[in-house]
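The structure under discussion appears below in the form of structure tokens.
Since every read-out is calculated from the coordinates, none of them should be taken as a lab result. Keep in mind the model is a prediction, meaning the values are calculated, not measured. Cβ: placed from backbone, ideal geometry, glycine included. Neighbour counts: every protein chain shown.
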Amino acid sequence: MVRTRLYRDGVLEAEGFPIAEVSDRITDPAATVWFDLCAPDADDLATLGEELGLHSLAVEDVLQGPQRPKLDRYPSHMFVTCYAVRLDTDRGTLDMSEVNAFVTANAFVTVRRTDRFDIDEVVARWDANPELARHGVAFLLYGLLDYAVDTQFDAVESLDEQIENLEDQLFSDRPTAEDMQRRSFELRKSLVTLRRIVLPTRELVDSVRRRELHGYDEAMLPYFEDVYDHALRAGEWTESLRDLVTTILDTHLTLRSNRLNVVMKQVTSWAAIIAVPTAVTGFYGQNLPYPGYGRAAGFATSTVVILAMSIGLYVVFRRKGWL
């Protein structure tokens, strides 16, 4: 599955043309070509490398499997790897989709492993800013990174909302320990995974805006600054959320310990109260004469002693907050 576009002097001139025409079209310095490959095989990438003069190490990275977000600089082109992410709020899991991009002087090639990466959204961002198309491949790279960083920022925001919901459950009247532990673990795992994507992406955008944009259209620098600001905020947000999740887990364990202490106090208090009639009736059950033996007054006396001591203990425990 291949998608193609041709911009000439900042104007979209053609799209949907065969990939075999790409090598002829990029010979024009005024033309900027984009084409997208979804799940290509080794032969497709080898052909692509020969056509555009791509470095073998960059092609190998695409074939080897998932890479960390990065930017590699080669003599004739740049190689970019980034991720779009989405948080499944029901399960608390993170869905990631990788895209690789080869950036030459007037060609921009995106390679997706699966169709889960929404390239249509990237194209929509390009179409929403047609006045920037005159900046060539820098404009195309900006649209791709802007989309990827925005998905990461949205995922961090969703995680923040889910963690706030977790805080509300933490102090509810009937907290469910198993659900709390499972949800905390899922969100913590997703946060760790997201952090491994967000922080390198921040470095990637920083490299583009500081060094790698030289040689391309530097008029796009303010736009990359904006993307970097979003990436920076997302990275700082993940740091604060990591501390917050840790605090929630510690608080959850502390609350469970406190609830256990309260339960133990209640059980101990009732056990002490129950022990009073047991002790009194046990004492009166001896095979020896005792005060009031064989008389109704003796029964009344034992009953009064039991009630008085039990009520007295209940009042004492109640004042101490044990009951």
Ratio of the Cα radius of gyration of the stretch 53-118 to 2.2 N^0.38 Å, where N counts its residues: 1.26
Distance in nm between label sites at Asp168 and Val2, each 7 Å beyond Cα in the beta-carbon direction? 5.2
Distance in nm between Phe185 and Asp95 label points, each 7 Å along Cα→Cβ, equals 2.4
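What dipole magnitude, in Debye to the nearest 20, does the chain give about its Cα centre under +1 on Lys/Arg Cβ and -1 on Asp/Glu Cβ?
Details: 34 positive and 50 negative charges, 678 e Å.
Here the chain has a charge dipole of around 3260 debye.
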Which percent, nearest 5, of DSSP beta bridges in the chain are antiparallel? 80
Taking the Cα atoms only, what angle lies between the long axis of helix 42-52 and the longest principal axis of the chain, rounded to 10 degrees? 50
Tell me which lysines have Cα within less than 21 Å of Lys320's Cα, excluding those fewer than 8 residues away on the same chain? Lys265
Partner lysines whose C-alpha sits under 29 Å from that of Lys189, ignoring same-chain residues fewer than 8 away, are Lys70
Using alpha-carbon coordinates, inclination of helix 137-170 to the longest axis of the chain, degrees: 0
Burial ranking of peptide ranges 122-130, 147-155, 199-207 (average Cβ count within 10 Å, highest at the top): 147-155, 199-207, 122-130
Given 25 °C and 0.890 mPa s, compute D for the chain with the Stokes-Einstein relation, Rh being the Kirkwood radius over Cα pairs; round to the nearest whole µm²/s. 100
Hey, what number do you get for the chain at 222 nm if only DSSP H runs of n ≥ 4 count, each worth -39500 (n - 2.57), divided across all residues, to the nearest 500? -20500 deg cm²/dmol
Length-normalised contact order of the chain in % [C-alpha pairs under 8 Å, at least 6 apart]: 14
For the Cα atoms of the chain, what angle does the longest principal axis make with the long axis of helix 296-319, in degrees from 0 to 90, nearest 10? 30
